[in-house]
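The values are calculated or read from the model by the stated rules, or taken from the named source; none is laboratory data. Since we're looking at a predicted model, the values are computed, not measured. Cβ placement follows ideal geometry from the backbone for every residue including glycine, while neighbour counts extend to all protein chains displayed. Quick note on the areas: whole protein, heavy atoms, side chains included, nothing else; ligands and nucleic acids left out. Shrake-Rupley method; radii C 1.70, N 1.55, O 1.52, S 1.80 Å.
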Amino acid sequence: MTLSVKAYGAHAGDRPLEAIDISRRAPGADDVQIAIAYCGICHSDLHQARAEWAGTLFPCVPGHEIVGRVVDVGAQVQGFKAGDLVGVGCIVDSCRHCQDCGDGLENYCDSMVGTYNGATADAPGHTLGGYSEQIVVHQRYVLHVRHPEDQLAAVAPLLCAGITTWSPLKHWNAGPGSKVGIVGIGGLGHMGVKLAHALGAHVVAFTTSESKREAALALGADEVVVSRSADEMAGHAKSFDLIINTVAAPHDLDAYLVLLKRDGGMVLVGAPATPHPSPAVFNLIMKRRTLAGSMIGGIAETQEMLDFCAEHGVVADIELIRADEINDAYERMLKGDVKYRFVMDTATLSA
Ligand code: NAP
Ligand code: ZN
Ligand code: ZN
């Protein structure tokens, strides 16, 4: 027996998202059935739904910043019960026995199953995401949400934007005494600023938008650089320990590599559909600089990030939208016209 669920999704890359009915598997012994309250809108959702990345499977129901309440649990589920506030991020399954899974880094498992567009035995043969009323997920991939309930909508973006910036900040040891740059003050970037600040780093926000200068300070940045200004950029030459680059479009990486000090590193998390121009090798060689990438984060570190945020009162700055506003929200996201994350109120799916 399957569950019939209302959702919002796309039938083709060149078609808008629309209301569709989908099914979810009935919860098995290890499953948690979740009534979704809110789902954040990630730029990855747009890349996937519009088939900007290769391999989109249709119908495509995006959404991997999911928060809600447990409805029911299978017989072998431990640690979750009906009524609990929970989250689901970008991962709903993995092999559970490789080195990466053993290390708690399921995000790097070769068999990682994404919350949408991933392989599954469930209809229609690929996973369907959080722009929907309910989801059924194996307990291993469900997170506890310990924030107050009235912050729930603003917690949703932590499940992707939060963990995607948290993971490299922790891996590259951002904290007191380190100077961290965050490039692109969108959904990921604004969380990067908040988290780096909460970890005690000196934070510099890089934005192309003059209009975000004041706002980035309010998010917790110690300094803001409008990256179109060569003078402002030059003022930070050879000074950063770590730069996290969230920009969703190809651009000149050299402009940032020269801001790293010796042994500094820039981590790319933005995933543009076409490549960046190749950086100048000498900008890496001369100061033993590193250029790296990072993908979301594992389940254990996602829980660690959520608990840190609950303890430190960190949530996203959001704009709540109705399900039928999603196509406009995508257009506004492309223009950088969001401060700083859209979140869908899934109660409006049945309105
Ligand atoms: P977003 O909210 O649209 O933010 C991207 C920001 O980049 C913009 O707000 C803008 O900030 C800046 N930007 C500068 N030039 C741009 C341009 N030409 N086009 C677009 N943006 C430009 O997107 P997001 O949700 O934060 O996602 C950012 C990227 O990360 C996407 O490619 C997404 O797919 C990827 N992503 C990767 C992972 C991962 O695991 N690595 C996880 C989630 C998302 P300013 O106005 O401040 O310049
Ligand atoms: Zn995402
Ligand atoms: Zn694995």
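Do you know which residues across region 300-337 are within 15 Å of the chain's Cα centre (by Cα) and over 21 Å from VAL142 (Cβ atoms)?
Selection gives ASP317, ILE318, MET333.
Got a number for residues in region 308-317 being out of contact with any Phe, Trp or Tyr (no Cβ under 7 Å at 6 or more places or on another chain) and surrounded by 17 or more Cβ atoms within 10 Å (Cβ to Cβ)?
Going through region 308-317, the residues out of contact with any Phe, Trp or Tyr (no Cβ under 7 Å at 6 or more places or on another chain) turn out to be 308-315.
Still in the list and also surrounded by 17 or more Cβ atoms within 10 Å (Cβ to Cβ): 308-310, 314-315.
So the count comes out to 5.
Can you tell me how many residues within region 20-76 are of a type in the set (Lys, Arg) and touching an Asp or Glu at 6+ places or on another chain (Cβ under 6 Å)?
Quick first cut of region 20-76, residues of a type in the set (Lys, Arg) only: 24-25, 50, 69.
Subset that is touching an Asp or Glu at 6+ places or on another chain (Cβ under 6 Å): 25.
Final tally of qualifying residues: 1.
Specify the residue that is most open to solvent (accessible area, probe 1.4 Å); the eligible residues are those in region 105-146 that are small (Gly, Ala, Ser), more than 16 Å from ligand 2 (Cβ to nearest atom) and not in a strand (DSSP E or B).
Once the filter is applied, the top-ranked residue is ALA121.
With the structure loaded, tell me whether ALA82 is outside the structural domain of TYR256 (by TED's automatic domain parsing), among the aliphatic types (A, V, I, L, M) and over 17 Å from ILE36 (Cβ atoms) or whether it fails that test.
Criteria not met by ALA82.
Please determine whether any residue of region 150-164 is acidic (Asp, Glu) and touching a strand residue (DSSP E or B) at 6+ places or on another chain (Cβ under 8 Å). Lay out the reasoning, then the answer.
The initial filter retains those residues of region 150-164 that are acidic (Asp, Glu), namely 150.
Subset that is touching a strand residue (DSSP E or B) at 6+ places or on another chain (Cβ under 8 Å): none.
Scanning region 150-164, I find no residue that is acidic (Asp, Glu) and touching a strand residue (DSSP E or B) at 6+ places or on another chain (Cβ under 8 Å), so the answer is no.
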